[in-house]
Amino acid sequence: MPIVQITLVEGRDDQVVARCIKEVARTVSASLGAPLETVRVVVTEVPADRWAVGDVLKSEAAASRGGVGWTIESAADVLLAAEAERRDRGRLTDEWPELDLATAYAVQRRLVEKLVERGEQVVGVKLGLTSEAKQRRMGISSPLTAVLTDGYRLEVGEPLRVDELIHPRVEPEIVFVMGRRLEGPGITAESALDAVASVQAGLEVIDSRFTDFSFALPDVVADNASSARFVVGGETLRPDQLDLAAEPCRLTVNGEVVDTATGAAVQGHPAEALALAANALAERGEAIEAGQIVLTGGLTDAVFIHPGDTVAVEFEHLGTLALTAE
């Protein structure tokens, strides 16, 4: 019977702790090949001033930052302020070393709640780090998820205002529009695709709030996966009208081809990415709603965009979609 002991700093949200325990149990079960029901996770909690990195207590580190302690609320506020002020910053994890993935998703949730509180509406979800190479670099085995609001959306032909952003990059996407609610767990690529009403082309603008796009996994999750802007257009097709894995695209900057890919670049098939998103969201009690859009992940590396640039994606069946910066 595998027994794992984890130590947490006192004061964490009970739901965050519960998610952490479940994730540890699942990881141990998968790593050791042991039945999940045989895994035991023992949790101990320590006061904040008894937690240290090296010989520096957490309380001492907070004092060195002027006595500012990190919370889910303060982290969300810091990231939103950086976005509003067009100001990049160092990693949260450099100042808040105990920030873990479960807490980062709680920060992301609070950040989105604040966007909704100021009048924005949730319109969909997106996946990040969908390529195996990026996942290996970040030490994960599946993509991360983030939330899209209408505040990020651009209409076809609407220019991208670079002066509203920090250091924007653009990547091409295959986009799903959901015909019905998709809720995990247990979603497969086939059942995920059955819930899709239509497929379109997309361009996503990412704009990390961290200097030089340098972040650890909890940083980018908390930052809502660098979400900034997106545009959806081109042809509108049913999923059965094309081979999504084989669908080719070309990414151009000012008419020059800079990269090519097929739909297989995202998890082997965009429907696999959609299934992963639904199952990951289910672990946090969430689902993909009917009518929402899903950005399935960048098909190529993201390219920087500057005032005067036009970035376009040309799909074989999904058509062409362009974005011009000013």
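Mind checking which residues of the stretch 268-308 are in a strand (DSSP E or B) and farther than 25 Å from Glu326 by Cβ?
The initial filter retains those residues of the stretch 268-308 that are in a strand (DSSP E or B), namely 288, 293-295, 303-304.
Within the stretch 268-308, Ile288, Val294 qualify.
Just one of Arg91, Arg86 is at pLDDT 95 or above and buried (at least 16 other Cβ atoms within 10 Å of the Cβ); which is it?
Arg91
Hey, any hits in the stretch 260-272 for a residue that's without any contact (Cβ under 8 Å) to a residue 12 or more places away in the chain and aliphatic (A, V, I, L, M)?
no
Within the stretch 129-151, track down each residue that is at pLDDT 90 or above and buried (at least 21 other Cβ atoms within 10 Å of the Cβ).
Leu144, Thr145, Ala146, Val147, Leu148
Need pairs with beta-carbon distance below 6 Å; first residue more than 25 Å from Asp212 (Cβ to Cβ) and within the stretch 144-173, second hydroxyl-bearing (Ser, Thr, Tyr); sequence gap 6+ or separate chains.
Qualifying pairs under 6 Å: Pro159/Thr324.
Are any residues in the stretch 185-220 of a type in the set (Ser, Thr, Tyr) and either within 25 Å of Ala312 (Cβ to Cβ) or touching a Leu at 6+ places or on another chain (Cβ under 9 Å) (or both), and if so, which ones? Before you say what the answer is, go through the steps one by one.
The initial filter retains those residues of the stretch 185-220 that are of a type in the set (Ser, Thr, Tyr), namely 188, 191, 198, 208, 211, 214.
If the condition is that a residue be of a type in the set (Ser, Thr, Tyr) and either within 25 Å of Ala312 (Cβ to Cβ) or touching a Leu at 6+ places or on another chain (Cβ under 9 Å) (or both), then Ser191, Ser198, Ser208 are the ones that fit.
Taking the stretch 239-272 as the region of interest, how many residues are aliphatic (A, V, I, L, M) and under 20 Å from Gly179 (Cα atoms)?
3
Can you name every residue in the stretch 211-236 that is more than 17 Å from Val162 (Cα to Cα) and of a type in the set (A, V, I, L, M)?
Within the stretch 211-236, Ala216, Leu217, Val220, Val221, Ala222, Ala225, Val232 meet the criteria.
Considering only the stretch 295-308, state which residues are in contact (Cβ under 8 Å) with a residue 40 or more places away in the chain and either touching a helix residue (DSSP H, G or I) at 6+ places or on another chain (Cβ under 6 Å) or surrounded by fewer than 18 Cβ atoms within 10 Å (Cβ to Cβ) (or both). Reasoning before the result, please.
Start the filter on the stretch 295-308 by keeping residues that are in contact (Cβ under 8 Å) with a residue 40 or more places away in the chain, which leaves 295-307.
Of everything in the stretch 295-308, those that are in contact (Cβ under 8 Å) with a residue 40 or more places away in the chain and either touching a helix residue (DSSP H, G or I) at 6+ places or on another chain (Cβ under 6 Å) or surrounded by fewer than 18 Cβ atoms within 10 Å (Cβ to Cβ) (or both) turn out to be Thr296, Gly297, Leu299, Asp301, Val303, Phe304, His306, Pro307.
The values are calculated or read from the model by the stated rules, or taken from the named source; none is laboratory data. Just so it is clear, the model here is predicted, and its values are computed rather than measured. Note that we place each Cβ from the backbone using ideal geometry, even for glycine, and neighbour counts take in every protein chain shown.
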